[in-house]
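The next block holds one structure in the form of structure tokens; read it before the comments.
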Amino acid sequence: MMLSLTEAMSYVSDKLQVEELSHKLQHEKLLLLNEITRSFLERVPFNNIRTLSIPVEQRRKPSQEEIKMDGLSTRGGICYTQNTFMHFLLKALGYTVHFVASQVMSPNDHVINVVQNVEKEGDRFLVEVGCGYPTFQAIPLDFKDESAIYRFSFNTFKFVRMDDDVLVCMHRHKGLQPEVHPNTKVQDDGWRKFYEFNLTPRDIGYFSQRMDHSYTVQGATPFLVSLRVIMFPGGKAVCMKNSTLLIEGDDNGLHPVSLNGIDEIKAAILKHYPQMEESKIDAALITLKSVLEEK
């Protein structure tokens, strides 16, 4: 997938509504990187509606053109779509950006980006827009043992360095969460491992086999069998999890609203994520209905 500079500039200005883009691109690259990251999470939902809308026997990982289309339209997708689109957007703007491999549940099941040489030669920043836990800024990776503790929306997290190239993202869970990883335990100090990643640069082909698996093998991820949508308008989470709508309050807690039936679920999606295609919502909800009826 390729984005031209014109496409990238238009997208950041018009869809992400970042101001003074040309000036920031020349003189305030870190500020711009942070604004792009936050604005993307505020406007482009992490979701699996496209995936659920496809019959099981026809599922596959999205093509690069489909990723481009879902990114430019702000319809979004799951991690592979979100972070791949962000990679090529930043690359088109002139940033030095690399894919790196991450593990949430199994090796290479999560794709993230590291941006280099932003403020000075050799610096490195994590840019993560591909999961339901918000990272509203580029995270500097030049810490020695542990990063600062970050608090964005309902999410409290930090990074721990295991060695020169391997880092671990740790979450501190408090209250209701969109999803809690079932295979990791909460430590005595309240922290839970979310994912680890290796800073070795990779090309997009490195992830091909694992992403094929993630999009086609039932049970590989929850995104093949249940509805997940989350966006952060104004920095506050609005999350759909099957028939539950989670709205972030002023206390940064997620407050559940039960939705009764497919019609209420569809109405909530159209209200909170109006950029989504109605035909794909309808197809995804057919899948969801069958899953809910089996439970």
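The values are calculated or read from the model by the stated rules, or taken from the named source; none is laboratory data. In this text, all values refer to a predicted model and were calculated from it rather than measured experimentally. Neighbour counts run over all protein chains shown; Cβ positions are idealised from the backbone, glycine included. To get the accessible areas, we keep the full protein, side chains included, count just its heavy atoms, and leave off ligands, DNA and RNA. Shrake-Rupley method; radii C 1.70, N 1.55, O 1.52, S 1.80 Å.
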Exercise for review: Filter the stretch 93-103 down to the residues that are open to solvent by less than 40 Å² (accessible area, probe 1.4 Å) and part of a loop (DSSP other than H, G, I, E, B), then identify the one that is farthest from V18 (Cα to Cα).
Suggested key: Y95
Review point. Restricting the search to the stretch 38-66, which residues are touching a Phe, Trp or Tyr at 6+ places or on another chain (Cβ under 7 Å) and of a type in the set (S, T, Y)?
Key: T51
Check your understanding: Can you tell me how many residues in the stretch 63-86 are open to solvent by 10 Å² or more (accessible area, probe 1.4 Å), closer than 21 Å to H110 by Cα and outside any helix (DSSP H, G or I)?
Key -> 4
Exercise for review: Please go through the stretch 261-271 and pick out each residue that is in contact (Cβ under 8 Å) with a residue 12 or more places away in the chain and in contact with a helix residue (DSSP H, G or I) (Cβ under 8 Å, 6 or more places away or on another chain).
Suggested key: I262, I265, K266, I269
Exercise for review: Mind listing whichever residues of the stretch 243-258 are open to solvent by less than 20 Å² (accessible area, probe 1.4 Å) and free of Cβ contacts under 8 Å to residues at least 60 places away in the same chain?
Suggested key: L245, G249
Exercise for review: Assess whether A283 counts as being under 17 Å from L52 (Cα atoms), open to solvent by less than 60 Å² (accessible area, probe 1.4 Å), in contact with a helix residue (DSSP H, G or I) (Cβ under 6 Å, 6 or more places away or on another chain) and not in a loop (DSSP other than H, G, I, E, B).
Suggested key: yes
**Study point:** Evaluation of H213 against (1) assigned to a helix (DSSP H, G or I); (2) farther than 23 Å from V166 by Cβ (one fails), failing number
**Key:** (2)
Check your understanding: Among the residues of the stretch 1-27, how many are acidic (D, E) and not in a helix (DSSP H, G or I)?
Key -> 2
Revision key, fill the gap. Subset of the stretch 1-52, residues β-branched (V, I, T), more than 13 Å from A138 (Cα to Cα) and surrounded by 17 or more Cβ atoms within 10 Å (Cβ to Cβ), comes to V12, V18, V44, I49, T51
**Study point:** A138 vs. criteria among the small types (G, A, S) and open to solvent by 50 Å² or more (accessible area, probe 1.4 Å)
**Key:** no
Exercise for review: Working only within the stretch 212-242, note down all residues that are at pLDDT 95 or above, small (G, A, S) and open to solvent by less than 60 Å² (accessible area, probe 1.4 Å).
Suggested key: G235, A237
Review point. Which of the residues spanning the stretch 28-61 are outside any helix (DSSP H, G or I) and in contact (Cβ under 8 Å) with a residue 60 or more places away in the chain?
Key: V44, P45, F46, N47, N48, I54, R59, R60, K61
